[in-house]
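All remarks here apply to the structure that follows.
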Amino acid sequence: MPFAIFMLTFSAFGIGTSEYIIMGLLSEIAEDLNITIPQAGSLVTMYAMGVVVGGPLLAILTMKLSRKIALLSLMCMFIIGNILCALSTSYHFLMVARVLAALCHGTFFGIASVVAAGMVDENKKSQAIALVFMGVSLANILGVPIGTHIGEQFGWRATFWLVSSIGILAVLALLKFIPSKLPMPSGDIIGEFKILRHRRVFIPLILSVLTSASLFTIFTYIDPILQQVTMVDKATVVKILFWIGAGLSIGTLTGGKLGDKSLIKSLISIMFIIVIIQIIMLYVNTKVIPMIATLFFWSITGFAVCPMLQALVVEQAKGAPNLASTFNQSSFNLGNAIGAKYGGLLIHFGIAYKNLSIYAAIITIIAIILTLYFRHYIKHRKTNG
């Protein structure tokens, strides 16, 4: 793999840490800002909605910029947003700062995915995209546990200063190692939007929404689940977050390799396994060791679908890969927002934390049904030319 792809991985590490760190700090932020856990969970929802809105908008605004300048500009926006998070003194200020930090997210991953795929041979495109997403997985292995520990020791604002520093290092890395002359998007914006309306493109986008919603119904509330249901202390939560992060890394790499072999078949198989794991979680969430093992395998499968869906969207939208890839990031984050809000509403109306996994499984089952339909549609389309 070209070394430049690893610089995109490092940048993704910073963005991933910023996105997911809120889960490890949910209790601290809620206590410090005198808000409820579901209100703190809305910080996840609003970040995700920032990605949903910012992704397509900034994809259009950066379309005529060189890919390197676009990536650097997006990372600078990311730094400013996280500095404002560190300076936040109220819930609403923090909410606005989180949205600002989120605006660059979808476009960055969209451009980075296409840039990475364009640097390798056809049979390694899914793996190149998976390598970009590996930054997010590494964020969950290193960034989230370390950031959670720093937040516990020095206050949650210190964590956002750390994230801002990572962003500055990422800008320097991109500046030095990303080639200045990268292929520019071809075609016009209207033509690209027309491609997105095709069933072969918007169904994978819906699948991204559903799989992320299922994941974040549980992941958003992992801190209170572990402390109030599994009954572990905060130090143990940090250790468990490390194992979840390790699972995400394995899942991202596994998803990339499976996607290069048999994309849709692998996607369906992984989704079935996710449902089984979510049902098992319902019965083991009060036992520490079984719960850790279940979360580990859940994180592997939950993130294995991400590079596969990203590759599927790029594959099906050949005439508009940059815009489609960015829209897919918006889809993932719309799912994050829906999952966080869905979980928050379930808790608000009296559903116990321990039962969230079964409600997440319902969403995954819907995704399986839609994927089976999509496989049938693609086969029928190929048969009829």
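Quick notes on this one:
- Qualifying residue in region 236-250 (condition: among the polar types (S, T, N, Q) and over 20 Å from Thr9 (Cα atoms)): yes
- Restricting region 139-154 to residues that are touching a residue at least 40 places away in the same chain (Cβ under 8 Å) and open to solvent by 60 Å² or more (accessible area, probe 1.4 Å), the residue that is nearest to Gly16 (Cα to Cα): Leu142
- Counted as qualifying within region 254-363 are the helices (runs of 4 or more DSSP H) with 3 or more residues that are of a type in the set (A, V, I, L, M, F, W, C), modelled with pLDDT under 90 and under 19 Å from Lys124 (Cβ atoms), namely 288-316.
- Selection status of Ile83, out of contact with any Pro (no Cβ under 8 Å at 6 or more places or on another chain), touching a residue at least 60 places away in the same chain (Cβ under 8 Å) and not basic (Lys, Arg): yes
- Among residues of region 305-350, those that are farther than 30 Å from Leu65 by Cα and in contact with a helix residue (DSSP H, G or I) (Cβ under 7 Å, 6 or more places away or on another chain), counted: 11
- Selected residue [within 19 Å of Ile21 (Cα to Cα), of a type in the set (Gly, Ala, Ser) and either in contact (Cβ under 8 Å) with a residue 60 or more places away in the chain or open to solvent by 10 Å² or more (accessible area, probe 1.4 Å) (or both)] from Ala293, Ala213: Ala213
- Leading residue by the ranking (surrounded by the most Cβ atoms within 10 Å (Cβ to Cβ)) among those in region 155-181 that are among the polar types (S, T, N, Q) and either at pLDDT 85 or above or assigned to a helix (DSSP H, G or I) (or both): Thr159
- For Phe242, the conditions (1) open to solvent by less than 50 Å² (accessible area, probe 1.4 Å); (2) under 23 Å from Gly24 (Cα atoms) are fulfilled apart from (1).
- Residue in region 2-11 that is part of a loop (DSSP other than H, G, I, E, B), of a type outside the set (D, E, K, R) and closer than 30 Å to Phe177 by Cβ present: yes
- Among residues of region 357-381 that are closer than 15 Å to Ile273 by Cβ, those with a beta-carbon under 8 Å from a residue that is outside any helix (DSSP H, G or I) and open to solvent by less than 20 Å² (accessible area, probe 1.4 Å) at least six positions away or on a different chain give the pairs Ser357/Asn285.
- Residue match in region 2-16 (condition: out of contact with any Asp or Glu (no Cβ under 7 Å at 6 or more places or on another chain), surrounded by fewer than 24 Cβ atoms within 10 Å (Cβ to Cβ) and without any contact (Cβ under 8 Å) to a residue 60 or more places away in the chain): no
- Residue check for Met184: modelled with pLDDT of 85 or more and not in a helix (DSSP H, G or I): no
The values are calculated or read from the model by the stated rules, or taken from the named source; none is laboratory data. Note that the structure is predicted; figures quoted are calculated from it, not measured. Note that we place each Cβ from the backbone using ideal geometry, even for glycine, and neighbour counts take in every protein chain shown. Accessible surface areas use protein heavy atoms only, side chains included; no ligands, DNA or RNA. Shrake-Rupley method; radii C 1.70, N 1.55, O 1.52, S 1.80 Å.
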